[in-house]
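Peer 1: Can you keep this structure in mind? I'll have questions shortly.
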Amino acid sequence: LLAPLDPYLRRDSAGRPRIDEHQRLTLDPSVEGAIYVQNAERHTHGPGAPDLGLAAWRGATILNNLTDATPYPQPPRTAFTTFGLPQHPRTPGARRPLPLSEPANHLKANHLKV
């Protein structure tokens with residue numbers, strides 16, 4: 001589908017199309033207009049890109065950019081994720097997580113009712 005546009009597509013060092021924060025393909029400056037993509041930006045937008053649960057957010061991003069308005073206002077930041085263990089000392093009496101090798105009590109086979 002994009003083969004005729006290939007000379008106008010800007011690509012990264014791995015040969016993948018560049019996609020900006022508005023879900024648009026990055027094109028040669030001589031091209032007027034824009035091409036928006038959905039579910040084609042995993043390499044630039046992360047593993048959530050093909051998640052259908054984000055389709056409404058992507059659609060709002062595209063519509064807001066197309067109209068140069070904000071019919072669908074979006075917060076500047078929608079999620080916070082951190083990885084790793086807390087860096088503060090343990091609080092006395094705080095619950096300790098189970099080791100990965102031990103299932104939680106409610107998941108043990110003798111507690112399951114079928």
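The values are calculated or read from the model by the stated rules, or taken from the named source; none is laboratory data. Keep in mind that this is a model prediction, so the values were computed, not measured. Cβ atoms come from the backbone with ideal geometry, glycine included; neighbour counts cover every protein chain shown. All accessible areas refer to the heavy atoms of the entire protein, side chains included, with ligands and DNA or RNA removed. Shrake-Rupley method; radii C 1.70, N 1.55, O 1.52, S 1.80 Å.
Peer 1: Any residue in segment 1-30 that is farther than 23 Å from residue 74 by Cα and open to solvent by less than 70 Å² (accessible area, probe 1.4 Å) sitting within a Cβ distance under 9 Å of a residue that is among the acidic types (Asp, Glu) and modelled with pLDDT under 90? List the pairs, counting only those 6 or more apart or interchain.
Peer 2: 17/41
Peer 1: I need the full set of residues from segment 8-36 which are modelled with pLDDT under 90, part of a strand (DSSP E or B) and either over 18 Å from residue 62 (Cβ atoms) or polar (S, T, N, Q) (or both), in order please.
Peer 2: Within segment 8-36, no residue meets the criteria.
Peer 1: Is there any pair with a first residue in segment 41-59 that is closer than 24 Å to residue 15 by Cβ and a second that is part of a helix (DSSP H, G or I) and modelled with pLDDT of 75 or more whose Cβ atoms are under 7 Å apart and which are 6 or more apart or on different chains, and what are they?
Peer 2: 48/54
Peer 1: Kindly establish whether residue 90 is modelled with pLDDT under 90, over 23 Å from the mean Cα position of the chain (by Cα) and surrounded by fewer than 10 Cβ atoms within 10 Å (Cβ to Cβ).
Peer 2: yes
Peer 1: Sticking with this one: Would it be correct to say that residue 51 is in contact with a helix residue (DSSP H, G or I) (Cβ under 9 Å, 6 or more places away or on another chain) and either at pLDDT below 90 or surrounded by 10 or more Cβ atoms within 10 Å (Cβ to Cβ) (or both)?
Peer 2: no
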